[in-house]
Amino acid sequence: MNNITSFFQGIEFANPYYFLLLLLIIPVVAWKYFFRKKMQASLTVPTAIVFEKINKTWKVRLRWIPECLLLIAYIAFIVALSRPQTSFRLSDVEVEGVDIVIALDISGSMKAMDFRPNRLEACKRVAEEFILGRPTDRIGMVVYAGEAYTQCPVTSDHSTLLGLLKKVKFDIIEDGTAIGDGLGTAVNRLRESEAKSKIIILLSDGVNNSGYLDPYSSAEIAKNMSIKVYTIGVGTTGQAPYPTPFGNVMMNTEIDERLLQSIAQITGGKYFRATNNEKLKSIYEEIDKMEKTILNETIFENRSDAFFPFLLTATILLISFLLIRYTLFRINP
């Protein structure tokens, strides 16, 4: 049964319009069961009780077999006319992937709740969707606050990457905002990459106030290594609610947009400003569209006719019909 199913799943028809001939079955059946009965001779008798006592022979019970054989033979013949064909396809796919590093700010200010539930968790959720949407790319992750370190090297093992993304939290490194170190560490992750396209997505919600590397120097290194940096400023304009042991308080938000714009401009990237969850998601979607993986696919196809089994079936059934119709089930004139 599985072989039959798989056979028909791979079947294509060169002349499918012949299937319209199957519609001829409808008027034939209508004529036989509705009009032909009215044309047959009838015998008028006062009562039919005497005929009810006559036992039906096996010929009477099986009188439908010849017509059934003819019907199946006709269907098989139409299928043969439609020229069923099997096809074998072999795809040769070449993937030119993109190597990506996400540099994520995990400083204390990312606890602000102008995003749901806070800035860091919102960034993690959107980053997860972005990773899931790029299965053919190698992606890594760098986190930074007062210093920076690699949370996950560039890898095609996205399940491991997503597991490490979920483990990102506050207070695992010294607080601060070392944008230069975060960018520099991300650049170092792509130093040995041979991908034709290399990009960094750098998220920050503050001002560079820590670290050893100058952000502009890190941007120049990225430019020399043909790495494009997309920068995202995360946070609302003005003030944002911030959690404290005494309840939520309003905190002034300060983002060095000029620095983030300069980094993007130096490296040929683009700067974005995310003020809520929906805007952050749309930014990732825009980056996803701009940095598409290139797929080169070559398909080799081999077709072969498969009408012979249907033609043979139709012939055998037609011969069987003629033999049975004019021998066992012959109708006397």
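Criterion first (surrounded by fewer than 16 Cβ atoms within 10 Å (Cβ to Cβ), over 30 Å from Pro84 (Cβ atoms) and modelled with pLDDT of 95 or more) does Gly247 satisfy it? Please lay out each step first, then the result.
On the way: surrounded by fewer than 16 Cβ atoms within 10 Å (Cβ to Cβ): yes; over 30 Å from Pro84 (Cβ atoms): yes; modelled with pLDDT of 95 or more: no.
No.
Can you find, within region 136-152, the residue that is nearest to Gly184 (Cα to Cα) among those that are open to solvent by 50 Å² or more (accessible area, probe 1.4 Å) and not charged (D, E, K, R)?
Tyr149
Anything in region 95-128 that is small (Gly, Ala, Ser) and outside any helix (DSSP H, G or I)? List them, or say none. Can you show your working first?
First, pick out the residues of region 95-128 that are small (Gly, Ala, Ser): 97, 103, 107-109, 112, 122, 127.
If the condition is that a residue be small (Gly, Ala, Ser) and outside any helix (DSSP H, G or I), then Gly97, Ala103, Ser107, Ala112 are the ones that fit.
Give the residue that is most open to solvent (accessible area, probe 1.4 Å), with candidates limited to residues of region 153-174 that are touching a helix residue (DSSP H, G or I) at 6+ places or on another chain (Cβ under 9 Å) and part of a helix (DSSP H, G or I).
It comes out as Lys166.
Pairs, please: C-beta under 9 Å, at least 6 apart or cross-chain, first residue of a type in the set (Val, Ile, Thr) and in region 122-134, second open to solvent by 10 Å² or more (accessible area, probe 1.4 Å)?
Val126/Asn277; Val126/Lys281; Ile131/His158; Ile131/Leu162
Being of a type in the set (Val, Ile, Thr) and at pLDDT below 95: is that true of Val98 here?
Yes, satisfied.
When you check Ile199 against the structure, is it surrounded by 16 or more Cβ atoms within 10 Å (Cβ to Cβ), modelled with pLDDT of 95 or more, more than 13 Å from Leu104 (Cβ to Cβ) and within 35 Å of the chain's Cα centre (by Cα), yes or no?
yes
So Thr236 clears everything in (1) in a loop (DSSP other than H, G, I, E, B); (2) closer than 27 Å to Glu128 by Cβ; (3) open to solvent by 70 Å² or more (accessible area, probe 1.4 Å) except one condition, right? Which one?
The number of the failed condition is (3).
Of Ser193, Ser217, which residue is surrounded by fewer than 24 Cβ atoms within 10 Å (Cβ to Cβ), modelled with pLDDT of 95 or more and either on the phi < 0 side of the Ramachandran plot or of a type in the set (A, V, I, L, M, F, W, C) (or both)?
Ser217
List the number of the failed condition for Gly233; all other conditions in (1) under 37 Å from the mean Cα position of the chain (by Cα); (2) more than 16 Å from Ile287 (Cα to Cα); (3) among the small types (Gly, Ala, Ser) hold.
(2)
Kindly establish whether Ala195 is in a loop (DSSP other than H, G, I, E, B) and under 24 Å from Phe130 (Cα atoms).
When the stated conditions are applied, Ala195 passes them.
Can you tell me which of (1) outside any loop (DSSP other than H, G, I, E, B); (2) closer than 23 Å to Ile255 by Cβ; (3) among the small types (Gly, Ala, Ser) is the one Gly206 doesn't meet?
(1)
Report whether or not Val229 is open to solvent by less than 70 Å² (accessible area, probe 1.4 Å), under 15 Å from Met110 (Cβ atoms) and among the hydrophobic types (A, V, I, L, M, F, W, C).
When the stated conditions are applied, Val229 does not pass them.
Go through region 130-163 and count every residue that is more than 18 Å from the chain's Cα centre (by Cα) and among the aromatic types (Phe, Trp, Tyr).
Residues meeting the conditions: 2.
Among the listed residues Thr293, Thr298, identify the single one that is open to solvent by less than 80 Å² (accessible area, probe 1.4 Å), of a type in the set (Val, Ile, Thr), modelled with pLDDT under 90 and in contact with a Gly (Cβ under 7 Å, 6 or more places away or on another chain).
Matching residue, one of Thr293, Thr298: Thr293.
The values are calculated or read from the model by the stated rules, or taken from the named source; none is laboratory data. Given the structure is predicted, the values throughout are model-derived calculations rather than measurements. Here Cβ is always computed from backbone atoms with ideal geometry, including for glycine, and neighbour counts include all displayed protein chains. The accessibility values were calculated without ligands, DNA or RNA, using every heavy atom of the protein model including side chains. Shrake-Rupley method; radii C 1.70, N 1.55, O 1.52, S 1.80 Å.
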